[in-house]
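Q: One structure, pasted below without further comment.
The values are calculated or read from the model by the stated rules, or taken from the named source; none is laboratory data. Since the structure is predicted, the reported quantities are computational estimates derived from the model, not experimental observations. Cβ atoms come from the backbone with ideal geometry, glycine included; neighbour counts cover every protein chain shown. Protein only, heavy atoms only, side chains kept; ligands, DNA and RNA dropped before computing areas. Shrake-Rupley method; radii C 1.70, N 1.55, O 1.52, S 1.80 Å.
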There are 2 protein chains.
Amino acid sequence: MSNNLLHTLELPNWLSEVLVENMIHNSDYEKMKFVLECGMKNIEKKSGGPFSAAIYNADNNELISVGVNVVTSQNCSVAHAEITAIMMAQKKLGTYSLEEGDYELFSSAQPCAMCTGAIVWAGIKRLIFGANKHDVETIVGFDEGPLHPEWKEEYKKRNIEVVENFMNDEAVKLLQKYKELGGIVY
Amino acid sequence: MSNNLLHTLELPNWLSEVLVENMIHNSDYEKMKFVLECGMKNIEKKSGGPFSAAIYNADNNELISVGVNVVTSQNCSVAHAEITAIMMAQKKLGTYSLEEGDYELFSSAQPCAMCTGAIVWAGIKRLIFGANKHDVETIVGFDEGPLHPEWKEEYKKRNIEVVENFMNDEAVKLLQKYKELGGIVY
């Protein structure tokens, strides 16, 4: 086991075609549209689950990182979209906390129990999500885990703004498409 | 950003001196003792926070993986001890879910909100921890995040056994030592 000190996570290759240097998306709409496009690509290319996320610098609207769910392809139950977006953003910015800046996380769906905790630790100031817990549980049958029933109050206490159900119709389509394609529910 | 599809996490080098092939620890006491030794080493070597974890195959008592907190050294707020132990175990076993087997996770301290979710997704069957939430919050001042107030009930529903405050005195010493050494609280 002594040579097993290194863990690597690889995001899908198709992302290199989608991402260019210094991408700017000037509105919440444009940001979420981009996130949902990445999620759709993730299921079409079968590189993971129907979940995608991105972190933006709210000061200049620059895209910092994109994350998609790569749980199955990377054999890693931790590799949810929000988690991979956070890891990539912190790697890029060379810090374990984004709280010095003004960073927002867009997610195609409501974060699960694990990701709800991870967003706090990451130093994110604003969370915007599309599909909600009910959509995720009823359309594709994923469990959201032991999520704090008053997680929104917990976010408020920590000054994290939440925008729920943003572009919900489009976000729900992503879940429906995954179901249609017969994606794995784990 | 196109070359940024790869994320790597490295556990501290001193672990290669601690780990040998097929380590067996035959009791909960031996397992937790080993976990706490790793946590102590992590703070002495200043490779991260005062938290350590290990995953064992409960069927034959074989150590599958060790994780330590490498948040600061790896610039990754996700890299808690439980998370790194889970990632390493799944990498080693080549699966995103440990639920087919009978795996137990020993943690030097009570998992935070994020890790409480992650343990469920990982397919762990039994959680054993040393220091509790109160110890962590009062001795070193770390926040446990938006933890579900009835997380134990949530674990029970999912058939995950919990052993709390196991070797609590020794586990608390690890937190006290970190404080004495002036470790960062983030």
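Q: For chain B, rounded, prolate or oblate, judged on the Cα gyration tensor with a ≥ b ≥ c (square roots of eigenvalues), a/c < 1.5 rounded, else prolate if a/b > b/c?
A: Judged from the Cα gyration tensor, chain B comes out rounded (a/c under 1.5).
Q: Between the alpha-carbon centers of the stretch B:14-49 and the stretch A:1-56, tell me the distance in whole angstrom.
A: Here the two parts' Cα centres lie 35 Å apart.
Q: Tell me the distances, shortest first, between residue A:59 and the same position across the other copies, using label points 7 Å along Cα→Cβ, in nm to one decimal.
A: 5.4
Q: Averaged across the residues of A:87-93, what count of C-beta atoms belonging to other chains lies within 10 Å of each residue's C-beta?
A: Other-chain Cβ atoms within 10 Å of each residue's Cβ, averaged: 5.
Q: Give the nm distances, rounded to one decimal, from residue B:17 to the matching residue in every other copy, measuring between label points 7 Å along Cα toward the beta carbon; shortest first.
A: Listed shortest first, these distances are 4.9 nm.
Q: Another question about this same structure. Given the stretch A:1-151, what percent of its DSSP beta bridges are antiparallel, to the nearest 5?
A: Bridges in the stretch A:1-151 are about 70 percent antiparallel.
Q: Treat each spin label as a single point 7 Å out from the Cα along the C-beta direction, and report the residue B:186 to residue A:58 distance in nm.
A: About 2.1 nm separates the two model spin labels.
Q: Below 8 Å, C-alpha to C-alpha, sequence gap of six or more: please give me the relative contact order for chain A in percent.
A: Reported as a whole number, the value is 18 percent.
Q: Solvent-accessible area per residue for the protein assembly as shown at a 1.4 Å probe radius, Å²?
A: Using a 1.4 Å probe on heavy atoms only, each residue of the protein assembly as shown averages 40 Å².
Q: In terms of the Cα gyration tensor, with a ≥ b ≥ c the square roots of its eigenvalues, is the protein assembly as shown rounded because a/c is under 1.5, prolate because a/b exceeds b/c, or oblate?
A: In terms of gyration-tensor shape, prolate.
Q: Let me ask you something else. Near residue A:31, which aspartates and glutamates are there with a Cα under 18 Å away, not counting those fewer than 8 places off in the same chain?
A: A:17, A:21, A:59, A:62, A:82, A:102, A:104, A:161, A:164, A:169, A:170
Q: Another question, if that's okay. Over 29 Å between C-alpha atoms is what I'm after, so list which of A:45/A:152; A:91/B:45; B:156/B:179; A:91/A:177; A:33/B:92 land there.
A: Cα-Cα > 29 Å for A:45/A:152; B:156/B:179; A:91/A:177; A:33/B:92; rest within.
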